[in-house]
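The values are calculated or read from the model by the stated rules, or taken from the named source; none is laboratory data. Bear in mind that the values here come from a model prediction, so they are computed numbers and not experimental data. We place every Cβ from the backbone using ideal geometry, glycine too, and count neighbours over all the protein chains shown.
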Amino acid sequence: MSANLEPSVLGVRITPGTHTELLTSLSDHLCHAQNMWHMATANPEYVMFARRDPAFAAALGEAAIVTVDGVGLALAMRLLHPNVAIERYTGVTLTTDLAELSADSGAGIFLLGAGPGIATQAAVKLAEHAPGVVISGVWDGGTPQPIHDAESIDRIVASGARIVLVAYGAPAQIHWIQRNLAALDQSGVLIVAGIGGAFDYLSGNTPWAPAIVRRFGLEWLYRLVREPWRWRRQLVLPQFVLLTMLEFARTKLRGNVE
């Protein structure tokens, strides 16, 4: 599907497809592509960041694949585009899928970001999950600030990685990827993905929500209870819901629900 024809939520383009379809696309890309894909796993925060940060919106708009991570965005997609096949594809799922593809293809993975030691712990878990995964490098010594870009890129280039996972959180990881797209592409990287807190979960530093909580898509509430200092970030959710409902009403009036 052309990027211009892909569905969107409040101006943010979403790549349609099931988990299986997206995984097949990733596998084909690693085996045959000559160019690089930027992948983003979006949630309501991403949508709201895009509304107030033109640079973030532009970078997200240029991503080859934007998946639905947050449950709120998944519900918005079902409301606004009920006939479009879509499944949640989180940063954790993307990370483990890419580890499996690395084991199959030999494409090396570079883990960038997260707190001290967390990416290394995540690399150990990925090796347990996908025996044969090629971990080309790990670096958590820098920051997403431009002053550290050169060293990050030098380490990635030296590693020979074909997959780069960036765990700086939003909006920082999107800005980091956008600034360094050309350098990554020239170095032979085939997939660069912002995966948010995936390393924290995989390493065990952030506990998983109970199964019943995950079943109902309330991981965000569970994390808020455990980390109440995140409440400011959750203030965007009511705004997102309101804007989505207004968009739905406008769409219904136009008679243009897909």
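Before moving on, here are some points about what is shown:
- Residue list for the range 1-17, filter: assigned to a loop (DSSP other than H, G, I, E, B), among the aliphatic types (A, V, I, L, M) and modelled with pLDDT of 95 or more: 10, 14
So that you can scan it fast, the table gives a plain yes or no per residue for (1) exposed (fewer than 15 other Cβ atoms within 10 Å of the Cβ); (2) closer than 30 Å to residue 105 by Cα; (3) of a type in the set (S, T, N, Q); (4) in contact with a Gly (Cβ under 6 Å, 6 or more places away or on another chain):
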site	(1), (2), (3), (4)
201	no, yes, no, no
207	yes, no, no, no
212	yes, no, no, no
217	no, no, no, no
222	no, no, no, no
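- Screening the candidates 84, 12, 66 for the property of being surrounded by 14 or more Cβ atoms within 10 Å (Cβ to Cβ), β-branched (Val, Ile, Thr) and touching a helix residue (DSSP H, G or I) at 6+ places or on another chain (Cβ under 6 Å) yields one hit, 12.
- The range 154-196, subset touching a strand residue (DSSP E or B) at 6+ places or on another chain (Cβ under 7 Å) and surrounded by fewer than 18 Cβ atoms within 10 Å (Cβ to Cβ), residue nearest to residue 89 (Cα to Cα): 181
- Residue tally, condition of a type in the set (Gly, Ala, Ser), surrounded by fewer than 20 Cβ atoms within 10 Å (Cβ to Cβ) and not in a loop (DSSP other than H, G, I, E, B), over the range 18-59: 5
- Which numbered condition residue 66 fails, given (1) more than 19 Å from residue 191 (Cα to Cα); (2) part of a strand (DSSP E or B): (1)
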